[in-house]
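The values are calculated or read from the model by the stated rules, or taken from the named source; none is laboratory data. All of these numbers come straight from a predicted model, not from anything done at the bench. Methodologically, a virtual Cβ is constructed for each residue, glycine included, from the backbone with ideal geometry; neighbour enumeration extends over all protein chains shown.
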Amino acid sequence: MQRIASLAFALTLPATLLSQAAQADEPRYNQVALRAEVSQEVAHDLMQVTLYSEAQHSDPAQLASQITQTLNSAIQRARQAKGVKVELGSRHSYPVYDDKGQRIRAWRERAELRLESSDFASLSALSGELLGSLQMGGMHFSMADSTHQHSEDAQLKAAVAAFKARATLVTQALGGSDYRLVSLNLNSGYQAPMPRMGAMKAMAMAEAAPTPDIEAGSSKVSVSADGIIEVRLP
């Protein structure tokens, strides 16, 4: 029995040595978390204007008719402008009470008209013209969906390139010979524009509604790359 046991040990010993030798030849890796972020200022190429009609009358039916006529006239004029998207916004009415708050003395109604175009000069001139019958509700600028997508795609490629450059830099700093990618997450961000109040006030306060200078501004599109690499050490 002792002779058989010794023989079995002698047979398994070479296999153990081979396993240890194979492990010694395998590269040793160390994991490192990295982050790279790129961003780009993209000029706005869409202009949105909100105009509204607001009035008060003791007869709600006459009030509604008055608001409708004003809007229809503005819509017909807006549709003549090329490249301008026209749509109705919100519309609501509410009662106006007497000083004691017990009896309705009138009704007040407000209805919006929304305009959008990539031709800033044309939309600005149209808005100024419509201010003869409507009031300025708001003006802001943004990026078209296609512009945003194109910019985001370009930033995605740049973020991956920046991550690879940083991974190479870290590998060299650690004295590694190579690295392999474990995981990578890409996230995009978009900084929404602020309303351009200067132009809006200029149009709302001007008696003859002159066309203001347009400063559309820009928004920042950013993409970040977060991932983990394994650095191969000698």
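Per-structure values
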read-out	value
Within segment 17-38, tally of residues that are at pLDDT 95 or above and surrounded by 15 or more Cβ atoms within 10 Å (Cβ to Cβ)	5
Condition check for residue 57: over 30 Å from residue 122 (Cβ atoms) and either outside the structural domain of residue 185 (by TED's automatic domain parsing) or in contact with a strand residue (DSSP E or B) (Cβ under 9 Å, 6 or more places away or on another chain) (or both)	yes
Scan of segment 152-193 for residues that are free of Cβ contacts under 8 Å to residues at least 40 places away in the same chain, surrounded by 14 or more Cβ atoms within 10 Å (Cβ to Cβ) and either in a helix (DSSP H, G or I) or of a type in the set (Val, Ile, Thr) (or both), ordered by number	164, 168
Some residue of segment 126-144 being assigned to a helix (DSSP H, G or I) and closer than 26 Å to residue 39 by Cα	no
Strands (runs of 3 or more DSSP E) within segment 24-114 that include 1 or more residues closer than 30 Å to residue 163 by Cα	28-43
